[in-house]
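This report refers to the structure that appears directly beneath it.
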Amino acid sequence: MATDWAVDYNTKIPNNIDLAGDNRVLRALESWLPGYLNWWHDMGPSGFQESLVYLRTAVTVDPKGWAKFDYVRMPEYRWGILLAPPEPGRTIPFGDHKGEPAWQEVPGEYRAMLRRLVVIQGDTEPASVEQQRHLGSTAPSLYDLRNLFQVNVEEGRHLWAMVYLLFKYFGRDGREEGDELLRRRSGSEDAPRMLGAFNEATPDWLSFFMFTFFTDRDGKMQLESLGQSGFDPLSRTCRFMLTEEAHHMFVGTSGVARVIEATLSAMRRAGVADPTDIEAVRALGVIDLAAIQRKINLHFSLSLDLFGAEMSSNAANFFRSGLKGRYQETKIADDHRLLDATYPVLRVVDGAIAPVNEPALPALNMRLRDDYVEDCARGIERWNKLIASYGHEYRLLLPHVAFHRKVGEFRGVQASPAGALLTAEEWGRQADEWLPGEQDRLFIESLMKPESRPGEFAPWIAPPKTGIDNRPGDFEYVLISP
Ligand SMILES: [Fe+2]
Ligand SMILES: [Fe+2]
């Protein structure tokens, strides 16, 4: 193993970037740490701060085996600064500077744009911890409780990753941004988080799984495109974050699959053949597929808003300046400059939704959103295979991208999940079928009873196929009061 991949745990802040040799940044981070811990105590998981949680911690950034598992109290988690190893001779892969050596320092002319990108990404990380802070008290198993906390400590680490970039490369205003990241609060009236979906509540565990499936996946797409950045420290930071992010999406994909599995197997046992017989299904104490579909509709549409407007001069500038690339930029076969290229953008034209060829550069948000939709669709397919394996025709669907939008081209229209444009009255009549309502909320809330016996699971969710770190089914993932 190359030595520069290993993580130094001797400094207060673990890192693989020789922080010990960079006193200015080390001291800035050390003086930020108490404020971070205060934030974690106030806004991190409610309760369980003394519990021992079986967590993974990064000990190297070697993709073949980077983590070790052990019992840790969350406030003692070693939040570190970890960057993917440098690629010798890396060049800027796209935009006006394509082919020039990647920047190791902030290019002066792009400083403001770059800081904005780092701050927006950074703001989402603590936001999701805040949104999820009350879920511990209703966890359906110790396994799930542990996964929640793993996601939470890693989102905390992602905040550290962005704060490191701010402190190292943006001087005094970077430090001010670092403080602001601890001051804003998800859902707050006067100091909300920067993006809409990160101010929504995560009221129950099905929402948590949907959030990790849909919203963490937006995070993955953003990290993938920042991972292409010509600013090398940002690229390396994001590339290591992606290795952690994969687990967050696993929690979402497998979480929803386990909810579906519990529903279908309870129906089979009870001889309920029709998944649309809501009353019969809910009487079994499991969540009906229609309610799952409504949660998909909500979380998908909220997450689509995170991509911003379809046509955006910012998106064009980020790309031209070499700061933010496309999903899998280096694998795309074109000139990576896009000055004359076009891209089909969905727009409302004469009362209908239709693709319109637009200049490719300002359409980059749309393109990234298309890549995201495709990625989501693959996950939905896995859930549908599971439903089919129980012999049901029922299929879960991604709603149309025009459905329930607050940002961009479709913010002014009402569209059905199938993509038909509706009058306000038609929308009002059917919105309840398409989005989670009060009945769903009360029913799902009634199921959210904590299960904390090792190896036991709340009846509305199936056990996982395998344990974390290959632990057996009755492994005690969280020692709640050690
Ligand atoms: Fe994250
Ligand atoms: Fe995440």
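The values are calculated or read from the model by the stated rules, or taken from the named source; none is laboratory data. Every value quoted in this text rests on a predicted model; they were computed, and no experiment measured them. Cβ coordinates were reconstructed from backbone atoms using ideal geometry, including for glycine residues, and neighbour counts include every protein chain displayed.
Give the stretch 299-338 a look and list any residue that's closer than 20 Å to Ala112 by Cα and of a type in the set (A, V, I, L, M), or say none.
Ala315, Ala316, Leu323 - these are the residues of the stretch 299-338 that are closer than 20 Å to Ala112 by Cα and of a type in the set (A, V, I, L, M).
Quick check, is Ala266 assigned to a helix (DSSP H, G or I), more than 16 Å from ligand 1 (Cβ to nearest atom), surrounded by fewer than 22 Cβ atoms within 10 Å (Cβ to Cβ) and hydrophobic (A, V, I, L, M, F, W, C)?
For Ala266, the condition - assigned to a helix (DSSP H, G or I), more than 16 Å from ligand 1 (Cβ to nearest atom), surrounded by fewer than 22 Cβ atoms within 10 Å (Cβ to Cβ) and hydrophobic (A, V, I, L, M, F, W, C) - is met.
With the structure loaded, tell me whether Gly174 is more than 30 Å from Gly467 (Cα to Cα), of a type in the set (Gly, Ala, Ser) and away from ligand 2 (no atom under 16 Å from the Cβ) or whether it fails that test.
yes
Could you check the stretch 119-138 and list, in sequence order, the residues that are surrounded by fewer than 22 Cβ atoms within 10 Å (Cβ to Cβ), in a helix (DSSP H, G or I) and either within 16 Å of ligand 2 (Cβ to nearest atom) or hydrophobic (A, V, I, L, M, F, W, C) (or both)?
Passing the criteria: Val119, Ile120, Asp123.
Output the residues belonging to the stretch 310-337 that are assigned to a loop (DSSP other than H, G, I, E, B), crowded, with 23+ Cβ neighbours inside 10 Å and hydrophobic (A, V, I, L, M, F, W, C).
If the condition is that a residue be assigned to a loop (DSSP other than H, G, I, E, B), crowded, with 23+ Cβ neighbours inside 10 Å and hydrophobic (A, V, I, L, M, F, W, C), then Leu323 is the only one that fits.
What residue, among those in the stretch 350-362 that are surrounded by fewer than 16 Cβ atoms within 10 Å (Cβ to Cβ) and over 22 Å from Ala316 (Cβ atoms), is farthest from the chain's Cα centre (by Cα)?
Among residues in the stretch 350-362 that are surrounded by fewer than 16 Cβ atoms within 10 Å (Cβ to Cβ) and over 22 Å from Ala316 (Cβ atoms), the one farthest from the chain's Cα centre (by Cα) is Asp350.
Can you name the condition, by its number, that Phe48 falls short on among (1) part of a loop (DSSP other than H, G, I, E, B); (2) modelled with pLDDT under 95; (3) surrounded by 14 or more Cβ atoms within 10 Å (Cβ to Cβ)?
For Phe48, the failing item is (2).
Read through the list (1) within 21 Å of Asp440 (Cβ to Cβ); (2) assigned to a loop (DSSP other than H, G, I, E, B), then give the number of the only condition that Ala280 fails.
Result: Ala280 fails condition (2) only.
Restricting to the stretch 241-259, and then to whatever is crowded, with 22+ Cβ neighbours inside 10 Å and within 11 Å of ligand 1 (Cβ to nearest atom), can you tell me which residue is nearest to Glu87 (Cα to Cα)?
Per the criteria, the residue is Met241.
So, of the residues in the stretch 466-482 that are part of a loop (DSSP other than H, G, I, E, B) and free of Cβ contacts under 8 Å to residues at least 40 places away in the same chain, which turns out to be nearest to Phe209 (Cα to Cα)?
This residue is Thr466.
Filter the stretch 56-78 down to residues that are in contact with a Leu (Cβ under 8 Å, 6 or more places away or on another chain) and in a loop (DSSP other than H, G, I, E, B) and give me whichever is modelled with the lowest pLDDT.
My answer is Val61.
Residue-by-condition table, conditions (1) buried (at least 24 other Cβ atoms within 10 Å of the Cβ); (2) touching a residue at least 12 places away in the same chain (Cβ under 8 Å); (3) of a type outside the set (A, V, I, L, M, F, W, C):
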position	(1), (2), (3)
Val163	yes, yes, no
Glu176	no, no, yes
Arg184	no, yes, yes
Pro203	no, yes, yes
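Write out, first by first residue and then by second, each pair whose Cβ atoms fall under 7 Å of each other, whose residues are 6+ apart or on separate chains, and whose first residue, in the stretch 75-104, is farther than 30 Å from Val129 by Cβ while the second is at pLDDT below 95 and of a type outside the set (Ser, Thr, Tyr).
none
I'm trying to understand the selection: among the residues of the stretch 248-259, which are over 10 Å from the mean Cα position of the chain (by Cα) and not small (Gly, Ala, Ser)?
Of everything in the stretch 248-259, those that are over 10 Å from the mean Cα position of the chain (by Cα) and not small (Gly, Ala, Ser) turn out to be Phe250, Val251, Thr253, Val256, Arg258, Val259.
Looking only at residues that are part of a helix (DSSP H, G or I) and of a type in the set (Gly, Ala, Ser) in the stretch 139-164, which one is farthest from Val259 (Cα to Cα)?
Only one residue fits best here, namely Ala161.
Scan Tyr110, Tyr71, Tyr77 and give me the residue that is surrounded by fewer than 23 Cβ atoms within 10 Å (Cβ to Cβ), of a type in the set (Phe, Trp, Tyr) and within 16 Å of ligand 1 (Cβ to nearest atom).
After applying the criteria, what remains is Tyr77.
Given the residues Leu181, Leu242, which is the only one that is aliphatic (A, V, I, L, M) and within 12 Å of ligand 2 (Cβ to nearest atom)?
Among Leu181, Leu242, only Leu242 is aliphatic (A, V, I, L, M) and within 12 Å of ligand 2 (Cβ to nearest atom).
Anything in the stretch 197-218 that is within 16 Å of ligand 1 (Cβ to nearest atom) and part of a loop (DSSP other than H, G, I, E, B)? List them, or say none.
Passing the criteria: only Thr202.
With assigned to a helix (DSSP H, G or I) and either within 16 Å of ligand 2 (Cβ to nearest atom) or not basic (Lys, Arg) (or both) as the only criterion, which of Met221, Met194 stands out?
On inspection, the qualifying residue turns out to be Met221.
Out of Gly108, Gly171, which single residue is free of Cβ contacts under 8 Å to residues at least 12 places away in the same chain and on the phi > 0 side of the Ramachandran plot?
Gly171
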